[in-house]
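Right, one structure below, let's go through it.
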Amino acid sequence: MRHRTRNRTWVASAGATAALVVAAGLYVQALEAGHSDGGLRAAPGRVEPAATDGTCVGTRPVGSLPDVDGGSPLERVVTHIDQLARKKYSDVYTGLSVTEADSATDVWRRPSTAFDAEICRAVVRGVTVRLHDTDVSGKTLDALADRIGDDMNRWDSTFEMREVGVDERGFVLVGVDDPDKARPIIEKAYGERNSRYIKVEYADQAEAADAG
């Protein structure tokens with residue numbers, strides 16, 4: 001099972017206007033892993049975790065990272081990376097996901113030697129970090145998703161936009177009732193530059209919340 005930290009989703013409920021749902025922390029999502037590219041080199045005179053093919057294998061003691069409410073080593077690493085990324089590397093950070101069975105986290109980011117080095121220095125024993133290249137930051141994706149989410153009801157006479165969410169792998173996922181009809185319209189509306197970061201797929205109609 002894989003978990004993601006990024007979850008900004010606009011959902012159109014049956015018979016209701018679009019609502020922005022922002023979930024804090026991790027949420028469960030079954031996804032297939034992407035592939036990683038490139039390797040990392042240790043700075044001269046410094047002992048770094050092994051890093052080959054974009055993978056960092058932890059060697060530091062677990063206690064080198066703050067405890068996270070009694071969390072596992074993996075949870076400590078994930079929390080550290082996400083906080084580091086948002087504070088210092090928001091221009092390159094795209095997102096991350098967690099695979100508990102492998103005690104591993106996948107980090108998507110625009111290539112950054114400094115960010116990669118800080119990530120690899122922090123990984124603790126028993127945890128693996130896999131690094132993946134993107135060409136877009138999470139901030140850019142959030143802004144694009146905001147824009148699309150604001151247009152949730154714009155296309156009601158042509159197709160039904162049912163959800164909009166940011167995927168940590170580097171795109172905005174747009175769920176609709178008729179992808180073949182919606183895709184060219186959405187791509188034209190948001191332009192060629194933005195369309196490279198938009199994936200249009202079928203999504204089921206969300207059920208209205210139980211008022212009782």
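The values are calculated or read from the model by the stated rules, or taken from the named source; none is laboratory data. Bear in mind that the values here come from a model prediction, so they are computed numbers and not experimental data. In this analysis, Cβ positions are derived from the backbone assuming ideal geometry, glycine residues included, and neighbour counts consider all displayed protein chains. Ligands, DNA and RNA are excluded from the accessible area calculation, which covers all protein heavy atoms including side chains. Shrake-Rupley method; radii C 1.70, N 1.55, O 1.52, S 1.80 Å.
Run down ARG183, ARG193 and say which single residue is farther than 24 Å from TYR93 by Cα, open to solvent by 70 Å² or more (accessible area, probe 1.4 Å) and part of a helix (DSSP H, G or I).
ARG183
Restricting attention to strands (runs of 3 or more DSSP E) lying wholly within segment 51-138, give those where 1 or more residues are open to solvent by 40 Å² or more (accessible area, probe 1.4 Å).
55-57, 128-133
Return the pairs, sorted by first residue and then second, in which the second residue is open to solvent by less than 50 Å² (accessible area, probe 1.4 Å) and among the β-branched types (Val, Ile, Thr), the first residue lies in segment 100-124 and is over 16 Å from GLY58 (Cα atoms) and free of Cβ contacts under 8 Å to residues at least 24 places away in the same chain, the beta carbons are less than 6 Å apart, and the residues are 6+ apart or on different chains.
Close Cβ pairs satisfying both conditions: SER112/VAL92.
Considering (1) part of a helix (DSSP H, G or I); (2) at pLDDT 95 or above; (3) basic (Lys, Arg), say which one LYS199 fails and leave the rest.
Here LYS199 clears every test but (1).
Starting from segment 139-161, take each residue that is closer than 30 Å to VAL92 by Cβ and list its partners that are assigned to a loop (DSSP other than H, G, I, E, B) and open to solvent by 40 Å² or more (accessible area, probe 1.4 Å), counting only C-beta distances under 8 angstrom and pairs at least six apart or across chains.
Pairs that qualify, where the first residue is closer than 30 Å to VAL92 by Cβ and the partner is assigned to a loop (DSSP other than H, G, I, E, B) and open to solvent by 40 Å² or more (accessible area, probe 1.4 Å), are LYS139/ASP91; MET152/THR17; MET161/ASN153; MET161/ARG154.
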